[in-house]
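Please read the structure below before turning to the comments.
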Amino acid sequence: MEVLGIDIGGSGIKGAPVDVTAGKLAQERLRIPTPQPSKPEPVAEVVRQIVDHFAWSGPVGVTFPGVVRDGVVHTAANVHHSWIGVDASDLFGGACVLNDADAAGIAEMTFGEGRDRRGTVLMLTFGTGIGSALFTDGVLVPNTELGHLELRGKDAELRASDKAREDHELSWDKWAGRVEEYLRHVEMLFSPSLIVVGGGVSKKAHKWLPHVHIDTPIVPAALQNEAGIIGAAQMAASRAG
């Protein structure tokens with residue numbers, strides 16, 4: 001079964017049909033820069049462009065970088081604040097909408113590094129912000145948003161996201177020090193058995209992960225930056241029945 005997955009990020013919106021049985025993209029993904037300012041209607045127009053590009057008429061799953069409950073957006077830290085209160089499912093033509101990191105985590109727990117893992121597994125995505133997906137014995141605790149934990153008096157993602165690395169022109173090892181400080185805080189709170197790191201930096205894990213030293217095993221996401229697309233499609237497929 002193929003389902004269209006679309007992943008909305010702070011800098012880009014990516015989509016592709018997904019083989020939800022194999023957990024792989026069925027066609028080459030399309031990426032379109034996120035409109036600035038990233039208000040609901042311009043973003044919805046990009047989502048429509050991706051749907052039209054693939055001439056799609058079946059189920060669609062869409063991720064959103066914020067808290068989503070029953071299709072309604074409740075936070076919007078890395079997109080325009082006007083998203084708060086918007087019924088994104090309705091805006092996207094009845095699509096299945098969920099938190100972006102939750103989608104990535106669902107995919108990674110099904111097809112990637114979290115597969116068959118028991119205990120507490122934490123997926124963290126480093127991009128424009130820091131997304132999180134928390135699982136206990138494979139069951140998701142939705143909308144955790146651990147990028148907004150306080151670190152040195154500010155949101156952790158303002159210090160340790162990939163955007164913070166770029167904005168402050170940090171070397172990979174300097175940035176890894178900030179990531180390690182953040183991970184030690186998360187480790188203390190949740191005592192996970194495994195941490196999986198995703199987002200764009202997962203493709204470059206060899207540049208920074210060797211500089212991170214924590215007690216918990218930590219691995220790059222097997223699905224890398226495609227995890228959100230795959231997870232969104234998975235959830236849409238499950239709801240389509």
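The values are calculated or read from the model by the stated rules, or taken from the named source; none is laboratory data. Source: prediction; values computed, not measured. Neighbour counts run over all protein chains shown; Cβ positions are idealised from the backbone, glycine included. For the accessible areas, the whole protein counts, side chains as well, though only heavy atoms, and no ligand, DNA or RNA atoms are used. Shrake-Rupley method; radii C 1.70, N 1.55, O 1.52, S 1.80 Å.
How about the range 77-140: which strands (runs of 3 or more DSSP E) wholly inside it have at least 2 residues that are under 15 Å from Val196 (Cα atoms) and in contact with a Ser or Thr (Cβ under 8 Å, 6 or more places away or on another chain)? Counting at least 2 such residues, we get 120-126, 130-136. Number of residues in the range 3-30 that are open to solvent by less than 10 Å² (accessible area, probe 1.4 Å) and part of a loop (DSSP other than H, G, I, E, B) equals 1. Between Phe111, Phe135, the distinction of being aromatic (Phe, Trp, Tyr) and open to solvent by 30 Å² or more (accessible area, probe 1.4 Å) belongs to Phe111 only. Screening the candidates Val197, Val201 for the property of being in a strand (DSSP E or B) and under 23 Å from Thr120 (Cα atoms) yields one hit, Val197. Within the range 213-233, the residues that satisfy the criterion of being touching a helix residue (DSSP H, G or I) at 6+ places or on another chain (Cβ under 6 Å), at pLDDT 95 or above and either in a helix (DSSP H, G or I) or surrounded by 21 or more Cβ atoms within 10 Å (Cβ to Cβ) (or both) are Ala221, Leu223, Ala227, Gly228, Ile230, Gly231, Ala232. When His53, His80 are screened for being open to solvent by 30 Å² or more (accessible area, probe 1.4 Å) and out of contact with any Pro (no Cβ under 6 Å at 6 or more places or on another chain), only His53 passes. With respect to being surrounded by fewer than 21 Cβ atoms within 10 Å (Cβ to Cβ) and of a type in the set (Ser, Thr, Tyr), Thr144 falls outside the description.
Considering the range 83-108, and only residues there that are closer than 13 Å to Pro142 by Cβ and of a type in the set (Asp, Glu), the residue that is most open to solvent (accessible area, probe 1.4 Å) turns out to be Asp100. Scanning the range 56-76 for residues that are in contact (Cβ under 8 Å) with a residue 40 or more places away in the chain, part of a strand (DSSP E or B) and open to solvent by 20 Å² or more (accessible area, probe 1.4 Å), we see that the one that is nearest to Thr125 (Cα to Cα) is Arg69. The single condition from (1) surrounded by fewer than 23 Cβ atoms within 10 Å (Cβ to Cβ); (2) charged (D, E, K, R); (3) not assigned by the TED database to the domain that holds Ile195 that Glu150 fails is (3). Is at least one residue of the range 43-58 at pLDDT 95 or above and in contact with a His (Cβ under 7 Å, 6 or more places away or on another chain)? Looking for residues that are at pLDDT 95 or above and in contact with a His (Cβ under 7 Å, 6 or more places away or on another chain), one finds none in the range 43-58, hence no.
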